[in-house]
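The values are calculated or read from the model by the stated rules, or taken from the named source; none is laboratory data. Since the model is a prediction, treat every value here as computed from it, not as a measurement. Quick reminder, even Gly has a Cβ in these numbers, built from the backbone with ideal geometry, and neighbours come from all protein chains shown. Ligands, DNA and RNA are excluded from the accessible area calculation, which covers all protein heavy atoms including side chains. Shrake-Rupley method; radii C 1.70, N 1.55, O 1.52, S 1.80 Å.
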Amino acid sequence: MNKFDHYKILADIFRYPDENLGNRMKDFLSLVSEQLPDQAEKVSRILDAFNKMTMLQQQEYYLKTFDVQAVCYLDIGYVMFGEDYKRAQLLVNLQSEHKAAGIDCGSELGDHLPNVLTLLSKTTDQIFAEELGFIITTPAVRFMLTKFKVVNNIYKDMLEVLLVFLQRDFKGEQLAEYAVPEKAFSGNNEFVMPSSKSVICETHCNKRKTI
């Protein structure tokens with residue numbers, strides 16, 4: 001059993017809304033109530049807000065947040081690096097990991113947040129999962145939240161809850177040298193662009209290439 005199984009539930013709530021969104025959000029509330037009870041009231045409010053929308057309104061809300069005139073983007077490689085070669089490097093390696101885990105990324109790229117969270121839930125390589133969680137996913141989600149500073153948005157609340165899970169699960173005890181500098185989260189940067197220490201595909205042991 002993968003200790004990060006719950007990331008499948010978290011992945012699904014960030015997918016394009018369809019008729020299954022209601023059930024996905026109920027699963028989200030159940031997960032949070034069990035594992036992060038202090039966040040349950042916030043998630044209950046999120047569920048209520050979605051329940052007041054039609055499916056078309058939910059879809060328009062999603063597109064307005066992440067696509068058309070987007071507040072931020074869900075492709076975390078782009079959030080981290082823009083179109084720098086490091087994103088291409090990340091995508092190549094994620095493609096390999098998705099294939100190994102039997103994940104179909106559909107029409108989205110391998111660095112699309114729901115696909116990355118699904119990978120965390122399915123990979124059997126725990127060292128890789130720790131690196132993907134701490135070096136890439138956590139700083140990307142934290143950076144995404146800086147784009148919502150003056151925006152009232154349901155997905156902002158959902159990303160905040162996701163960040164609580166990520167910071168709980170991926171503390172990076174052996175990866176401290178790869179931590180993104182605090183100044184990256186000042187809200188002044190277009191992309192995270194971590195320090196040279198956070199070179200993708202080089203791990204803390206410098207013996208294997210993963211992410």
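Taking other residues whose beta carbon is less than 14 angstrom from the beta carbon of LYS122, and scoring Lys, Arg as +1 and Asp, Glu as -1, yields -2. Whole-Hz Karplus values for the range 142-158 come out as 4, 5, 4, 5, 5, 6, 9, 3, 10, 10, 8, 8, 4, 5, 4, 4, 5 Hz, taken residue by residue from phi with 6.51 cos²θ - 1.76 cosθ + 1.60 and θ = phi - 60°; glycine and proline positions read x.
At q = 0.24 Å⁻¹ the log10 of I(q)/I(0) for the range 137-177 amounts to -0.78, computed by Debye summation with a single uniform scatterer per C-alpha, solvent ignored. All Cα-Cα distances of the range 1-108, cut into 10 Å bins from zero to the largest, leave 12, 34, 36, 17, 0 percent in each bin in turn. Relative intensity of the chain on a log10 scale, I(q)/I(0) at q = 0.12, 0.14, 0.17 Å⁻¹, equals -0.60, -0.83, -1.26, per a Debye sum over C-alpha point scatterers of equal strength in the absence of solvent.
Inter-label distance, GLU83 to SER107: 2.2 nm, where each label sits 7 Å from its Cα along the C-beta direction.
Which of these, ILE135, ILE13, ILE127, has the largest mean-square fluctuation under a Gaussian network model of the chain (Cα springs below 10 Å)? Taking springs between Cα atoms under 10 Å, the residue moving most is ILE127. In order along the range 67-73, the phi-based Karplus estimate (6.51 cos²θ - 1.76 cosθ + 1.60, θ = phi - 60°) of 3J(HN,Hα) comes to 10, 6, 6, 4, 6, 8, 10 Hz; Gly and Pro are listed as x. Each 10 Å bin from zero holds the following percent of Cα-Cα pairs in the range 1-50: 27, 55, 18, 1.
In the assembled protein chains, ARG45 presents an accessible area of approximately 130 Å² (probe radius 1.4 Å). Rounded to the nearest 20 debye, the dipole magnitude of the chain is 260 debye, with +1 charges on Lys and Arg beta carbons, -1 on Asp and Glu beta carbons, and the Cα centre as origin.
Taking GluC sites (Glu not before Pro) as exposed when DSSP calls them loop and at most 10 other C-beta atoms lie within 10 angstrom, the chain has its longest site-free stretch at 84-172. Computed from backbone phi, the HN-Hα couplings of the range 2-7 come to 7, 5, 10, 3, 5, 6 Hz, rounded to whole numbers (Karplus: 6.51 cos²θ - 1.76 cosθ + 1.60, θ = phi - 60°; Gly and Pro given as x). Label-to-label distance, GLU190 versus ALA70, with points set 7 angstrom from Cα along the beta-carbon direction: 1.4 nm. Around the amide H of ASP75, modelled in the peptide plane, lie the amide H atoms of LEU113, all under 5 Å away and 5 or more residues distant in sequence or on another chain.
When its C-alpha radius of gyration is set against 2.2 N^0.38 Å (N residues), the range 58-179 gives a value of 1.05. Under 14 Å from a label point 7 Å along Cα→Cβ of LEU163: give me every residue in the range 136-150 with its amide N that close. Inside the label zone: 137-150. With both labels modelled 7 Å from their Cα along Cα-to-Cβ, the GLN35 to GLU182 distance reads 2.8 nm.
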